[in-house]
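Worksheet: the structure to be examined is printed underneath.
The values are calculated or read from the model by the stated rules, or taken from the named source; none is laboratory data. Quantities reported herein were computed from a predicted structural model and do not represent experimental measurements. In this analysis, Cβ positions are derived from the backbone assuming ideal geometry, glycine residues included, and neighbour counts consider all displayed protein chains.
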Amino acid sequence: MSITYKDEHGVEAMRTACRLASEVLDALTPHIQPGITTNEIDRLAAEVMKSQDSISATLGYQPPGYRAYPKSLCTSVNHVVCHGIPNDKPLKKGDIVNVDVTVIKDGWYGDTSRMFMVGDVSIAAKRLCAVTFEAMWHGILQVRPGARLGDVGFAIQKFAENQGYSVVREFCGHGIGQRFHEEPQVLHYGRPGTLDELKPGMTFTIEPMINAGRREVKDGPEKDGWTIVTKDHSLSAQWEHTVLVTPSGFEVLTLSAGSPPPPEFAQQALVASAAGVAQTQASTAATASA
Ligand code: MF3
Ligand code: CO
Ligand code: CO
């Protein structure tokens, strides 16, 4: 299948699904405290989705060559890179956990994840979460008609590596719409001016996985067919938004009342993009360094 371009109806349906996914995270936020198990987080999320009349895209999800995913969301703790399966182990003070929620509403998918810090965490863990959030936003700020996916990947990689971190290569963002994972693949590394050209109506995720140590990953010791961990056991963080390419730039679809505010360097581009003012490469660069 090729890239799908959403019309006004599709965009409106994506806005709804994406807001709901983000609202699941909002509802979970006060509960993510020392002592809660990731299974309890999963159960809470299932209840919220029920109240939304949405359904989990991950429950029973089975891409070719995989086992059916058994839970309503993913919880990836500390050195788990992605696709951690909720279990009965309580979170403890100092843990960092990515919670990744994908819902289906009226046949349309919304996909978003955030990092949560459990109680007080180390300065190193806090910095990794913050830098990964900023790396995602540096990628988002590249999104406009005429830009290329390589611009997105390059912006993320450059920022993360300048901070002394590494970018996971084995997993990427993806087109999304009436299917969970569509074309194109959205790499979080790359070279400017390469890969697909962005056009209005495209919707895709940007979801960088950034490691404090080396970039290599491996299957987790659980051998559950899903859990991915860092090879060197270093901490890993990830944030994810679903974005729309608009005529003037981008719209972040997975926003809700509880979304963490975008970083300072994104503010000007956000206002301009929302106002329909086409951003040039140069003006966004000026914003980023302001
Ligand atoms: N939500 C993940 C993503 O961002 C995919 C999870 S698939 C699962 O693409 F089966 F592990 F849940
Ligand atoms: Co996701
Ligand atoms: Co995704």
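Contact map, segment 81-99: residues that are of a type in the set (S, T, N, Q) paired with residues that are surrounded by 20 or more Cβ atoms within 10 Å (Cβ to Cβ) and modelled with pLDDT of 95 or more, Cβ distance under 7 Å, separation 6+ or inter-chain. Pairs shown: Asn87/Thr38; Asn98/Ser76; Asn98/Ser113; Asn98/Met115; Asn98/Ala237; Asn98/Gln238. Only a single item in (1) more than 12 Å from ligand 1 (Cβ to nearest atom); (2) of a type in the set (D, E, K, R); (3) part of a strand (DSSP E or B) is not met by Asp100, and it is number (1). Can you say whether Arg144 is at pLDDT 95 or above, closer than 25 Å to Thr75 by Cβ and of a type outside the set (A, V, I, L, M, F, W, C), as far as the supplied structure shows? No; evaluated as a whole, the condition is false for this residue. What is the one condition in (1) within 16 Å of ligand 3 (Cβ to nearest atom); (2) of a type in the set (A, V, I, L, M, F, W, C); (3) part of a helix (DSSP H, G or I) that Val271 does not satisfy? That leaves (1) as the condition not met.
It is to be established whether one or more residues within segment 112-119 are touching a residue at least 60 places away in the same chain (Cβ under 8 Å), part of a loop (DSSP other than H, G, I, E, B) and surrounded by fewer than 20 Cβ atoms within 10 Å (Cβ to Cβ). Yes, because at least one residue in segment 112-119 is touching a residue at least 60 places away in the same chain (Cβ under 8 Å), part of a loop (DSSP other than H, G, I, E, B) and surrounded by fewer than 20 Cβ atoms within 10 Å (Cβ to Cβ). When Val97, Val101, Val77, Val81 are checked against the criterion of being at pLDDT 95 or above, closer than 12 Å to Trp226 by Cα and aliphatic (A, V, I, L, M), Val81 stands alone in meeting it.
Which strands (runs of 3 or more DSSP E) sit wholly inside segment 129-214 and have at least 1 residues that are among the β-branched types (Val, Ile, Thr)? Give the steps one after another, and end with the answer.
On the way: elements: 173-175, 182-186, 203-206, 209-211.
In segment 129-214, the matching strands (runs of 3 or more DSSP E) lie at 182-186, 203-206, 209-211.
No other residue among Thr16, Thr38, Thr29 is β-branched (Val, Ile, Thr), buried (at least 22 other Cβ atoms within 10 Å of the Cβ) and either without any contact (Cβ under 8 Å) to a residue 40 or more places away in the chain or closer than 21 Å to Gly258 by Cβ (or both) apart from Thr38. Total residues in segment 102-131 satisfying the condition of being within 15 Å of ligand 3 (Cβ to nearest atom) and either β-branched (Val, Ile, Thr) or on the phi > 0 side of the Ramachandran plot (or both): the figure is 4. Residues in segment 81-103 that are more than 15 Å from the chain's Cα centre (by Cα) and farther than 21 Å from Gly258 by Cβ: Ile85, Asn87, Asp88, Lys89, Pro90, Lys92, Lys93, Gly94.
Every residue, every condition in (1) touching a Lys or Arg at 6+ places or on another chain (Cβ under 9 Å); (2) touching a residue at least 60 places away in the same chain (Cβ under 8 Å); (3) buried (at least 22 other Cβ atoms within 10 Å of the Cβ), yes or no:
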site: Phe171; (1), (2), (3): no, yes, no
site: Thr194; (1), (2), (3): yes, no, no
site: Glu197; (1), (2), (3): yes, no, no
site: Val217; (1), (2), (3): yes, yes, yes
site: Gly225; (1), (2), (3): yes, yes, no
site: Thr230; (1), (2), (3): yes, yes, yes
site: Ser236; (1), (2), (3): no, yes, yes
